[in-house]
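Q: One structure is given below, represented as structure tokens, and several questions about it will come after.
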Amino acid sequence: MPGERWLRGALAAAALLSAAAAVTIFFFMAALGWPILREGHLVEVLTGPWSPLRHQYGIRPMIVGTVCIAGLALGLAVPISLGCAAFIQTTAPKGLGRWLKHLVQLMTGIPTVVYGFVGIFLLVPLVRDIFGRGSGLSVLAAGVMLGLLIAPTLILFFVEGLAAVPRAHRLATSALGGTPVQQLVYVLLPQAWRAILAGLVLGFGRAVGDTMIALMIAGNSVAPPASILDPARTLTAHIALVIAADFDSPEFRTLFICGLTLYALTALGVVAMRRLATKHMEMP
């Protein structure tokens with residue numbers, strides 16, 4: 001039908017436009033970072049320290065900070081989100097589950113800066129008082145708050161994935177005497193793995209790409225963190241802090257290497273999730 005063909009064409013055009021925008025941004029950053037690539041300083045930038053006064057423009061501390069904070073956030077958010085999604089979809093009373101889902105949807109619209117302020121005035125002093133070390137601005141504080149930020153998005157993905165399992169399968173499990181926990185473990189989770197992996201990819205990208213929380217409560221130290229109680233700086237926070245540098249300065253040029261590194265980290269996350277999906281499909 002003409003209407004269906006028009007809709008398919010519009011959706012295809014939107015997909016191509018999104019892909020073209022991502023590719024264009026990538027080549028834009030590569031073009032502006034080309035002087036560093038052309039001069040053979042890429043390895044030095046990726047592995048060296050950041051000390052402009054000594055003419056050292058390495059971003060290794062920011063890469064380490066990004067991986068630590070994003071990894072901690074994802075490690076905290078995934079089990080909490082999966083548990084909340086399972087409760088909403090399987091064991092919660094119908095009215096309570098619907099109310100909790102609406103609350104989670106509301107949380108996804110809270111501005112990131114609000115999470116940052118809560119982190120500064122509540123979480124950072126709490127970390128400082130509990131551990132009695134440093135200012136509280138640390139990988140731990142940023143990771144916990146970032147985990148709270150991405151958790152609502154993960155919960156919604158997981159809830160929709162669990163809800164997509166055919167109702168007949170759930171009824172069959174109940175008819176066989178299966179408990180809600182058995183239904184979750186043996187029926188829902190195995191069939192909702194695609195949505196779970198999609199949520200993990202989105203959550204990882206959100207954690208790696210967030211700027212405000214890392215900028216406000218991670219401490220912005222340019223030294224690689226030795227523990228989760230040390231301050232750190234992420235790639236996105238580094239870009240925000242150095243963006244005012246002179247256009248032709250080495251500091252400014254390294255920002256585009258930071259952007260390319262963020263692309264690479266996100267791509268690695270997507271590839272890793274796809275490999276997990278492939279292995280899951282190959283399992284008997």
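Q: Return one number: the angle in degrees, 0 to 90 and rounded to the nearest 10, between the long axis of the Cα atoms of helix 60-86 and the longest principal axis of the Cα atoms of the chain.
A: Long axis of 60-86 versus the principal axis of the chain: about 10 degrees.
Q: Here is a further query. Defining a contact as two alpha carbons under 8 Å apart and six or more residues distant in sequence, what relative contact order in percent does the stretch 95-220 show?
A: 38
Q: When only Cα pairs under 8 Å and 6 or more residues apart are kept, what is the percent relative contact order across the chain?
A: Here the relative contact order equals 26 percent.
Q: Check which residues have an amide H placed less than 5 Å from Ala232's amide H, if you skip close sequence neighbours.
A: Here Val139, Gly219, Asn220, Ser221 satisfy the definition.
Q: So if I take the centroid of the Cα atoms in the stretch 171-207 and the same for the stretch 1-61, what is the distance between those two points in Å?
A: Measuring centre to centre over Cα atoms gives 34 Å.
Q: A further question on this structure: Given that just one value was derived from the coordinates, which of [x] 1.04; [y] 0.98; [z] 0.95 is Rg/Rh (Cα atoms, Kirkwood Rh)?
A: Answer by label: [x].
Q: Of the candidates Thr254, Thr234, Thr47, which one comes out as most mobile in a Gaussian network treatment of the chain with C-alpha springs shorter than 10 Å?
A: Taking springs between Cα atoms under 10 Å, the residue moving most is Thr47.
Q: Roughly how large, in nm² to one decimal, is the mean projection of the convex hull of the alpha-carbon atoms in the stretch 1-104?
A: Reported value for the Cα convex hull: 12.8 nm².
Q: Let me know the Kirkwood hydrodynamic radius for the stretch 20-74, please, with Cα pairs as the basis and the value in Å to one decimal. Walk me through the intermediate numbers first.
A: Values: mean 1/r = 0.0776 Å⁻¹.
Taking every pair of different Cα atoms in the stretch 20-74, averaging 1/r and inverting gives 12.9 Å.
Q: Just to confirm the number: angle between the C-alpha axis of helix 94-107 and the first principal axis of the chain, 0 to 90 degrees, nearest 10?
A: 20
Q: Can you give the angle from 0 to 90° between the axis of helix 193-209 and the longest principal axis of the chain, with both taken from C-alpha atoms, to the nearest 10?
A: Once rounded, one gets 20 degrees.
Q: Also, I was wondering about something else. What is the calculated FRET efficiency for His169 to Ile130, with r their C-beta to C-beta distance and R₀ = 51 Å, to the nearest 0.05?
A: Details: r = 45 Å, r/R0 = 0.88.
With a Förster radius of 51 Å, E is 0.70.
Q: Subtracting the Cα-Cα distance from 0.36 nm times the residue separation, let me have the gained length for Ala92 to Tyr186 in nm, one decimal.
A: On the way: separation 94, 0.36 × 94 = 33.84 nm, distance 1.87 nm.
Difference between extended and current length: 32.0 nm.
Q: Near the amide H of Gln56, under 5 Å away, which other amide H atoms are found, from residues 5 or more places off or on another chain, if H is placed in the peptide plane?
A: Amide H to amide H, under 5 Å and 5 or more residues apart or across chains, Gln56 pairs with Ser51.
Q: Can you give the direction-averaged projected area of the convex hull of the alpha-carbon atoms in the stretch 140-284, in nm²? Show your work: numbers first, answer last.
A: Numbers: hull surface 45.7 nm².
If I average the Cα hull's projected area over directions, I get 11.4 nm².
Q: For n ≥ 4 DSSP H runs only, could you compute -39500 (n - 2.57) per run for the chain, divide by its residues and tell me the 222 nm figure to the nearest 500?
A: That comes out to -23000 deg cm²/dmol.
Q: Among Val185, Val208, Val144, which one shows the highest mean-square fluctuation when the chain is modelled as a Gaussian network with alpha-carbon springs under 10 Å?
A: Between Val185, Val208, Val144, it is Val185 that shows the largest mean-square fluctuation.
Q: Ranked highest first by average number of other Cβ atoms within 10 Å, how do 59-71, 193-205 line up?
A: Working: 59-71: 22.8, 193-205: 19.7.
Packing order, densest peptide first, comes out as 59-71, 193-205.
Every read-out reported here was derived from the displayed coordinates using simple, explicitly stated rules and does not represent laboratory data. These figures come from a predicted structure and were not determined experimentally. Cβ sites come from the backbone with ideal geometry, for glycine too, and all protein chains shown count toward neighbours.
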